[in-house]
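Notes to accompany the following structure.
The values are calculated or read from the model by the stated rules, or taken from the named source; none is laboratory data. Predicted, not measured: the structure shown is a model, and the values here were computed from it. Don't worry about glycine lacking a Cβ; one is built from the backbone with ideal geometry, like all the others, and counts go over all protein chains shown. Heavy atoms of the whole protein, side chains included, go into the accessibility calculation; ligands, DNA and RNA do not. Shrake-Rupley method; radii C 1.70, N 1.55, O 1.52, S 1.80 Å.
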Amino acid sequence: MSFSSRNIKVLMQNADHWINSDFVSTPDDHLMIGDEHGNDYVVTGNAEILLKSDLDESGQPNPLKRELIFLVGTTSVQEIEYIIQKMSEESFLIIIEPNPSFFNYALNNKDLSFFMRQNVMLFADELTNLPVFLDKLFSTTLIYYMKNIKFYFTYFYRTYEVNLCVDIVRSVKETVKYKAMIYGNSIDDSLKGFKHNMSNLPHLLRSKDVSQLKNRFKDVPAIIVAAGPSLNKNIKELKKIKGKSIIIAVDTIAQRLLVEGIIPDFICSIEREKETYTYFYENKNYPPETTIVAPLLLYPEIFNEFKGDLIIPIRENVGEYIWLNQVLGLEGDNSISIGLSCAHVAFGFAEHIGASPIILVGQDLAFGNSVEQSHAGGTIYDDSQFSSSVFSAIEKTVTEGYDGTPVPTTEIWNSFRKWFEIEIFNEGLNVINATEGGAKIAHTQQLSLRQVAERYCNDDILTVKKVMQEVSEYPLNRKQMDQVLNEQIEYFSNVKTKFEEQLKSIVRVKITKRSTKKELIRFLNRLSKTDPLFKIVTEDWLLRHNLQPILMSSFWNLYDIEQTLSYENLIRNREIQIEFLEVSIFVLNEINTVLKKSTELL
């Protein structure tokens, strides 16, 4: 069997590999050759570069720690095999190959059997797709390895492709920041959100059933209107296409649209603080044909006072909402991808209803002509004192702009942009960026709003309000909700008892530096009884959501302990477990308190 056939068979055994099919059979950008001594060369122009297998002593793994190692290059098999032998069996190795010629050469000329290991994964594709791969990677239990990341660059890359290596490091670090932002809410913050969700539970009874809206507007163009500064120059174009496309507005820009005579079909919100109510809803008279789209997290007075229809979707891939969906027994696809901002809510909703193309307007995700210009006119950000208070303390950075030149932005806006790019790529969406300014958003087509109108907005669409009248509410009733919440209260009470018992068990054990090996092993066995409790948290969506910060920090700290039996390591292990158990007991108590109050509201 040839190297190629054998290697392809090996790679097919792991669905976690990410391989661009063009990389398997693409013509060489570089001519790669080998000699009779087994040496490999890259031919560039008149020069032949020897692909050495020199080890980099500075980037080697720690065999006593669980690490996530990113290695760049597939041709230097000796370096790869050495790293695999050196690293811990519980570490993971991610091999990145951005050069199709190198990958094709390795596939046909090297023994890649090391990919049979489940802890060795391959990314062979253009680096523009690396963030999507990394997002998938850090959506698994590898999120717990984020604090123990190492990089290893094989000889050719660290010698001749330094800038590319820098780009890879930057991409990994940006994704880590992005995932940390998603999972990084404090426990107090998570519990505050849980309290809001549960206090709004009665509003779910009058929300439209989101599953009935799935693909209800299939292939109808939808314009998502955000409040970026570039909106000022093309907001007039929106008037011409009202009734020929769905208008989905973020709450920041909704009043400005009404002033312009544009009634949005939907207004989207996500923030739970009172300021959202004060700035965008209090004493505002939105027309009854406008529908609000927002998660349960929203400030309660908004739902109480809004006169139009309510659409309260389940947040896709968010543990607290998955738990709620399960315990309430809701059926059908009633979740949407919401992300981090109200523009993400709008985008996820447009995706859910089947709209296409999805057109972004005012989605700058960057400052305008100056760092003082953050939003379109006619919004709360017209108040320079308010705007300054929001942005003065935020560190500025730069990113690639709509026209390819650098534009000033913030790390938060970069995270918002990354969410769009990953969602568009993963779902294969037809998205047009008609912002005409701000940051460039990958995987979108850039057109002016006028061009969009000419190409896609020529026919009248179904009256959105009429469609909404045909959609019924969620099939829920107060008695059913009260029953399932009381069942959850009993369950979490039992879980709390288990945590309390384990905490007492490990606190009262006494060991010293003079303890025998047998005593240390006995204590280690007692510590290991916390493992099932970690499992309870990771497998229960509500607990996992509210305990995510302590869960992540516990794993990060545990993985940082070298895997050798010693008094110091066991004491450190106990300290980490005690913190995890104490915080978990506190959270379990808070959850039950909130659940009990929720039953009183029903």
About the Cα centre, charge dipole magnitude for the chain (Lys/Arg +1, Asp/Glu -1 at Cβ), debye:
1820 debye
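Counting other Cβ atoms within 10 Å, which trypsin sites (Lys or Arg not before Pro) in the stretch 494-572 have at most 11 and lie in a DSSP loop?
Details: sites: 496, 498, 504, 508, 510, 513, 514, 517, 518, 522, 526, 529, 535, 544, 572; in loops: 508, 510, 513, 514.
Those that pass, being in a loop and sparsely packed, are 508, 510, 513, 514.
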Mind listing P(r) for the stretch 159-215? All alpha-carbon pairs, 5 Å bins, whole percents.
4, 14, 10, 10, 11, 13, 12, 8, 7, 6, 4, 2, 1
Residue order for 468, 181 - accessible surface, 1.4 angstrom probe, largest first:
181, 468
Tell me, what ³J(HN,Hα) does each residue in the stretch 168-181 have, in order and in whole Hz, if you take phi through Karplus 6.51 cos²θ - 1.76 cosθ + 1.60 with θ = phi - 60° and put x for Gly and Pro?
5, 4, 4, 5, 5, 5, 5, 5, 4, 4, 4, 5, 5, 5
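Rg over Rh of the chain, using C-alpha atoms and the Kirkwood radius, what does it come to? Could you put the intermediate results ahead of the total?
Working: Rg = 27.3 Å, Rh = 27.1 Å.
Using Cα coordinates only, the ratio equals 1.01.
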About the Cα centre, charge dipole magnitude for the stretch 114-208 (Lys/Arg +1, Asp/Glu -1 at Cβ), debye:
400 debye
Measuring from its Cα centre, the stretch 418-525 shows a charge dipole (+1 at each Lys and Arg Cβ, -1 at each Asp and Glu Cβ) which, in debye to the nearest 20, is 1480 debye
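Can you tell me how the stretch 476-602 classifies by the Cα gyration tensor, rounded, prolate or oblate, using a/c under 1.5 as the rounded cut? Mind showing how you got there, number by number?
Details: a/c = 3.48, a/b = 2.60, b/c = 1.34.
Since a/c reaches 1.5 and a/b is larger than b/c, the shape of the stretch 476-602 is classed as prolate.
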Among 549, 495, 525, the residue whose Cα sits farthest towards the positive end of the charge dipole of the stretch 433-585 (+1 at Cβ of Lys and Arg, -1 at Cβ of Asp and Glu, taken about the Cα centre) is 525
Whichever lysines have a C-alpha closer than 28 Å to that of residue 518, once near sequence neighbours (fewer than 8 apart) are set aside:
65, 498, 504, 510, 529, 535
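Using only the alpha carbon atoms of the stretch 108-185, find the Kirkwood hydrodynamic radius as the inverse mean reciprocal pair distance, in angstroms to one decimal. Present the calculation step by step, with values, prior to reporting the outcome.
Details: mean 1/r = 0.0702 Å⁻¹.
The Cα-based Kirkwood calculation yields 14.3 Å.
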Which aspartates and glutamates, on any chain, are close to residue 513 with Cα under 14 Å apart, when same-chain ones fewer than 8 places away are left out?
568
Which whole number in µm²/s is D for the stretch 206-297 by Stokes-Einstein, with the Kirkwood Rh taken over Cα pairs at 25 °C and 0.890 mPa s?
172 µm²/s
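With 16 Å as the cut-off, how large is the P(r) tail for the stretch 402-497, expressed as percent of Cα-Cα pairs? Could you put the intermediate results ahead of the total?
On the way: 3432 of 4560 pairs.
Tail of P(r) above 16 Å: 75 percent of Cα pairs.
Could you tally the net charge around residue 602, taking each other residue with its Cβ under 12 Å from the Cβ of residue 602, Lys/Arg +1 and Asp/Glu -1? Please list the in-between numbers first.
Values: positive: 478, 479, 596, 597; negative: 482, 600.
Once all neighbours under 12 Å are counted, the net charge is +2.
Which pairs in the list 307/465; 9/86; 192/418 are over 18 Å apart, alpha-carbon to alpha-carbon? The partial results should precede the final answer.
On the way: 307/465 13 Å; 9/86 26 Å; 192/418 26 Å.
Beyond 18 Å: 9/86; 192/418.
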